[in-house]
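Reviewing the structure listed below.
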Amino acid sequence: MYQGVHVLANQNTQDCWEKWQGYRDAFGNIIQTTINRYNVIPNHILILGAGNGNDIPIDLIESIFEEIVLVDIDNNALNNFLNKTSDKSKYQTHIIDLSGIADQVESVDLINVSNSALANIISNLKPNINLSAIKGKFNIILNANYFSQLTAPLSYKFLKDHKQAPNYIKKALSKVNNEIQAYLFQEINNLLEVNGICIHSTDIIEIYYNELTKEKNESCVLVMKATNGLQDMANIQSILHIIDERGLRIEGSNYPVNLIQELFDTKTSFFMYWPFDHGEFIIKGYVVQVLILQKK
Ligand SMILES: C[S@@+](CC[C@H](N)C(=O)[O-])C[C@H]1O[C@@H](n2cnc3c(N)ncnc32)[C@H](O)[C@@H]1O
């Protein structure tokens, strides 16, 4: 059911095009600034985790780049992406499992499995990622908010309350995530042109607030205070150490710092707010960090 979880999640967000307009515009500014600042040649771009494309400034990217390669595990979502484009001749799509674990857990009932069986399954996973279908080199590779999703189906049974996940499962998940991330960053580096840029975007903090009941999560209190109610998102940098100390960072969104230093120059980092469920009284959304990494 690994792939099924992603298909369901994409179905849930497939109508978010209007809602995420502001988010896409902000992301478009980051992409445009990066291209101008680092003199990126606008030939080839690879978008990993492209999905429905609702979080991606499609028009901007299409107007800049000659060739656009999209990768996702969900074929329907990529079709939704293509339906939003104007010049389909610029696009190639590949259905690839970027975690390399999908086949190994596909037949497991990830909701009804016992905790000990799940821990056992996770510990025995051997990520086997195959990007050989992606040909050529790219000026930009965009990681589009999928790092937090790579092992998410494995903790689906704790979706309502992640605190219920036993520590031994969290530890095993984190080990698999590290292995997957290390492989992906190596491959991204190989697929970049000389001086190419990886725009690594990932949701790092979930915030939740119910205005009626005043119920909020710990992250919400920290984020709202630091950013003056989501106005000054750059201030997130100042609370990241507290987020980490309290274990509030979304699983999969931490990255292998040493490996990144070896492979890339970290140019800069941006923060954005990505709104999800905004009902009359409920605020639920994510803080997204965008790292600009230049191939060494
Ligand atoms: C948070 S979504 C991004 C939102 C999505 N672009 C949209 O517009 O609705 C992350 C994307 O990563 C994809 N993804 C998650 N795990 C993946 C995997 N193992 N291999 C390839 N794609 C994956 C999902 O299918 C989804 O499209």
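Observations, loosely collected:
- Those residues of the range 78-133 which are more than 28 Å from K157 (Cα to Cα), more than 15 Å from the ligand (Cβ to nearest atom) and among the charged types (D, E, K, R), in sequence order: D87, K88, K90
- Residue satisfying condition, being in contact with a strand residue (DSSP E or B) (Cβ under 9 Å, 6 or more places away or on another chain) and part of a helix (DSSP H, G or I), within set N254, N177, N195, N189: N189
- Qualifying residue in the range 198-212 (condition: surrounded by fewer than 14 Cβ atoms within 10 Å (Cβ to Cβ), more than 30 Å from I58 (Cβ to Cβ) and either of a type in the set (D, E, K, R) or modelled with pLDDT of 95 or more (or both)): yes
- Note on the range 151-194: residues that are farther than 18 Å from V257 by Cβ, within 13 Å of the ligand (Cβ to nearest atom) and in contact with a Gly (Cβ under 9 Å, 6 or more places away or on another chain) total 3.
- Qualifying residue in the range 119-127 (condition: over 23 Å from V176 (Cβ atoms) and outside any loop (DSSP other than H, G, I, E, B)): no
- Residues that are within 14 Å of the ligand (Cβ to nearest atom) and farther than 20 Å from I188 by Cα, drawn from the range 61-77: D74, N75, N76, A77
- Enumeration of residues in the range 75-92 that are surrounded by 14 or more Cβ atoms within 10 Å (Cβ to Cβ) and in contact with a strand residue (DSSP E or B) (Cβ under 8 Å, 6 or more places away or on another chain): L78, F81, L82, T85, K90, Y91, Q92
- Positions within the range 239-273 being in contact with a Phe, Trp or Tyr (Cβ under 8 Å, 6 or more places away or on another chain) and at positive phi, in sequence order: G252
- Search result, residues across the range 1-60 that are among the acidic types (D, E) and either assigned to a helix (DSSP H, G or I) or within 8 Å of the ligand (Cβ to nearest atom) (or both): D25, D55, D59
- Among the criteria (1) modelled with pLDDT under 95; (2) closer than 28 Å to V176 by Cβ, the one E18 does not fulfil is (2).
The values are calculated or read from the model by the stated rules, or taken from the named source; none is laboratory data. These numbers were taken from a predicted model, which means no experiment stands behind them. Note that each Cβ is placed from the backbone with ideal geometry, even for glycine, and that neighbours are counted across all protein chains shown.
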